[in-house]
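Q: A single structure is presented below for examination.
The values are calculated or read from the model by the stated rules, or taken from the named source; none is laboratory data. Note that this is a predicted model, so its numbers are computed, not measured. Because the Cβ atoms are built from the backbone with ideal geometry, glycine has one as well, and the counts that use them run over all protein chains shown.
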Amino acid sequence: MKGRLARLRELMAQRGFDALLVGSPVEDIFKTYGANRRYLSGFTGSTGWLLISQGEAYIAVDFRYWEQAQQEASDFTLFPAQGPIDNWFPQLVAKADLGGKRLGYEPHGITVATLSALKKALGAVPQAQRPLLVPAPPLVEELRAIKEPEELEKIAKAAELADEVFWEVVQELKPGWTEAQLAWAIEVRAREKGAEGLSFPTIVAAGPWGALPHAYPRKEKVIEEGEPIVIDMGVRVDGYCSDLTRTVVLGRADSQWREIYDIVLAAQLTAEALIRPGMRGEEAHALAHNVIAEAGYGDRFGHGLGHGLGLLVHESPRLAPRSQDLLRPGMVVTVEPGIYIPGLGGVRIEDMVVIQGEGVQVLSRAPKVLEL
């Protein structure tokens, strides 16, 4: 963690910030808003704040998390944060000696109510000790985008586990299962095999429902032979996410779906073969989109090719039209083209890949077979 703090402090100095406030404005039981806090401190609790200056690093937690923070965030000085923000934040600011300095906060991860409370609390701080509270760019996300070797190991384990869970469960799939049953079987198997949880609620979309890229599994929908089933799933291992999509058919697929599947697969394989470090996100997206457009389905691929992932399932960079995000070695991204036809269904195939010096390393190994 000390290396991460050092890199953050370098970024803060470059961008003109004397200190940075990192936290979550709500009880974060789903680990959505606390990723930056966990990345910098190792603290896995569902609420708490970090205050990081060039010389100090504080973690402010209430009684419930005091012992946990002592164990997990040993590089940080603990500060008691009992009750509303105005009960303790002025004392923390005074202790950190931030008078007249620029204190950044994360505008993308804070509610209006919490920001108002922070400003009100600062109003109680004597003028000489009061910092200037200003919105900061996504400094921590910038660090998180490039994974350390230890992070890559955890992500690879999560990808491997997702592969195993997917393949085991779909081989047991039979006509008569509902979408919800299939989603539940995936979650149960993931837990049985050691996952700490899912990366996100599993998507299972059979038949026409597959035209919705982010469909939810229906408890009343019985899966039938011959219809495409989009399955998008992921598991967490040591805090890190995986993300995997395959499209399968029970029994025989008709010629239309075999053709569409082959187009999507060709688009994905083309992108995986040609993505290079130094590309912009929009260039990577175009590699797959061009294949689909040339086949006549360009208007049916309406989302981006992929996204970064790590502690969260959606992180920087974005592989999408107009994305200027620069692909760099050490980034982990998804490659997930799709074709979606309202009233008929959809096909999406998704792998996780690591950007390397000459291209990408594909982490996802689950078989890409249409017919089961």
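Q: Residue check, Met352 against (1) closer than 24 Å to Gly234 by Cβ; (2) part of a loop (DSSP other than H, G, I, E, B), all met but one. Which one?
A: (2)
Q: Taking the condition at pLDDT 95 or above and either aliphatic (A, V, I, L, M) or within 21 Å of Gly16 (Cα to Cα) (or both), does Leu115 pass?
A: Here the answer is no, as Leu115 does not meet what is asked.
Q: Something else about it: For residues that are under 30 Å from the mean Cα position of the chain (by Cα) and either touching a residue at least 60 places away in the same chain (Cβ under 8 Å) or buried (at least 19 other Cβ atoms within 10 Å of the Cβ) (or both), tally how many sit in the range 116-126.
A: So the answer is 1.
Q: Does Glu151 qualify as being within 16 Å of the chain's Cα centre (by Cα), modelled with pLDDT of 95 or more and assigned to a helix (DSSP H, G or I)?
A: It is true that Glu151 is within 16 Å of the chain's Cα centre (by Cα), modelled with pLDDT of 95 or more and assigned to a helix (DSSP H, G or I).
Q: A further question follows. For residues that are in contact with a Lys or Arg (Cβ under 7 Å, 6 or more places away or on another chain), surrounded by 21 or more Cβ atoms within 10 Å (Cβ to Cβ) and farther than 27 Å from Gly207 by Cβ, tally how many sit in the range 332-360.
A: 2
Q: So Gln256 clears everything in (1) within 30 Å of Glu153 (Cα to Cα); (2) surrounded by fewer than 16 Cβ atoms within 10 Å (Cβ to Cβ) except one condition, right? Which one?
A: (1)
Q: Search the range 81-104 for residues being surrounded by fewer than 19 Cβ atoms within 10 Å (Cβ to Cβ) and within 30 Å of the chain's Cα centre (by Cα), and hand back the single one that is farthest from Phe17 (Cα to Cα).
A: Restricting to residues being surrounded by fewer than 19 Cβ atoms within 10 Å (Cβ to Cβ) and within 30 Å of the chain's Cα centre (by Cα), the top hit is Pro84.
Q: Hey, another quick one. Those residues that are aromatic (Phe, Trp, Tyr) and without any contact (Cβ under 8 Å) to a residue 24 or more places away in the chain, I need them from the range 185-236; list them, please.
A: Tyr216
Q: Continuing with the same structure: Any residue at all in the range 124-132 that's of a type outside the set (D, E, K, R) and modelled with pLDDT of 95 or more?
A: yes
Q: For residues that are of a type outside the set (S, T, N, Q) and not in a helix (DSSP H, G or I), tally how many sit in the range 157-198.
A: Number satisfying all stated conditions: 11.
Q: Something else now. Being free of Cβ contacts under 8 Å to residues at least 60 places away in the same chain and within 26 Å of the chain's Cα centre (by Cα): is that true of Thr247 here?
A: no
Q: Still on this model: Just name the residue that is surrounded by the fewest Cβ atoms within 10 Å (Cβ to Cβ) out of those in the range 232-253 that are farther than 12 Å from Leu370 by Cα and of a type in the set (A, V, I, L, M, F, W, C).
A: Going through the qualifying residues, I end up with Val237.
Q: Within the range 324-343, track down each residue that is in contact with a helix residue (DSSP H, G or I) (Cβ under 6 Å, 6 or more places away or on another chain) and either in a loop (DSSP other than H, G, I, E, B) or farther than 19 Å from Gly302 by Cβ (or both).
A: Asp325, Val332, Pro337, Pro342, Gly343
Q: May I pose another question? Give just the number: which of (1) surrounded by fewer than 21 Cβ atoms within 10 Å (Cβ to Cβ); (2) more than 30 Å from Leu143 (Cβ to Cβ) does His303 not satisfy?
A: Every listed condition holds for His303 apart from (2).
Q: If Val353 meets every condition in (1) free of Cβ contacts under 8 Å to residues at least 60 places away in the same chain; (2) within 29 Å of Arg258 (Cα to Cα) apart from one, which number is that one?
A: Among (1) free of Cβ contacts under 8 Å to residues at least 60 places away in the same chain; (2) within 29 Å of Arg258 (Cα to Cα), Val353 violates only (1).
Q: On to the next question. Is it the case that the range 61-79 has a residue that's touching a helix residue (DSSP H, G or I) at 6+ places or on another chain (Cβ under 7 Å), in contact (Cβ under 8 Å) with a residue 12 or more places away in the chain, buried (at least 19 other Cβ atoms within 10 Å of the Cβ) and under 19 Å from Ala145 (Cβ atoms)?
A: no
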